[in-house]
């Protein structure tokens, strides 16, 4: 008998709950609730038809490896870059790329440039260029430490008598002779 009374009490509680829900539900709420349920069912139908279930193992693996986080970070980076690029910057970058492409095209078609690249690729040429650059730096330092030239024929005569000057002139003459042969 006690069970019957308790069962009647629970039924009364449920009845009051249903009555309260009916009183609280307005027509607008019922409309919105049914629209939400309809949209949810439509979304569920589209998800089922899209075949996303086949992608879930791959997505799970991306999550386990941490690759999904990296992809999100990469997407954020690209979004930041996109946000920071104004039309002016894009225009200037396009101009630079177009100019670079034109320069590369011109250089690629120029046989002399291709020969120059081949020559610069040789080890002895690279060593000679390094020696030339180091010599120029050392000469600049040495020239800064020397007193200013006095000028006149006497100074020129002293310079001409220097064996180093004669060796340098001989080297320049040899380079000049070799360039005329080519």
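The values are calculated or read from the model by the stated rules, or taken from the named source; none is laboratory data. All of these numbers come straight from a predicted model, not from anything done at the bench. Note that each Cβ is placed from the backbone with ideal geometry, even for glycine, and that neighbours are counted across all protein chains shown.
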- Message: Quick check on this structure: which one of 100, 141, 165 is more than 35 Å from the chain's Cα centre (by Cα) and surrounded by 10 or more Cβ atoms within 10 Å (Cβ to Cβ)?
- Response: 165
- Query: Which one of these is free of Cβ contacts under 8 Å to residues at least 12 places away in the same chain, assigned to a helix (DSSP H, G or I) and in contact with a helix residue (DSSP H, G or I) (Cβ under 8 Å, 6 or more places away or on another chain): 81, 14, 59?
  - Reply: 59
- Query: Mind checking which residues of region 104-134 are over 26 Å from residue 182 (Cα atoms) and over 33 Å from the mean Cα position of the chain (by Cα)?
  - Reply: 134
- Filter result for the condition that a residue is surrounded by 10 or more Cβ atoms within 10 Å (Cβ to Cβ), part of a helix (DSSP H, G or I) and either at pLDDT below 90 or in the same structural domain as residue 182 (by TED's automatic domain parsing) (or both), over 159, 153: 159
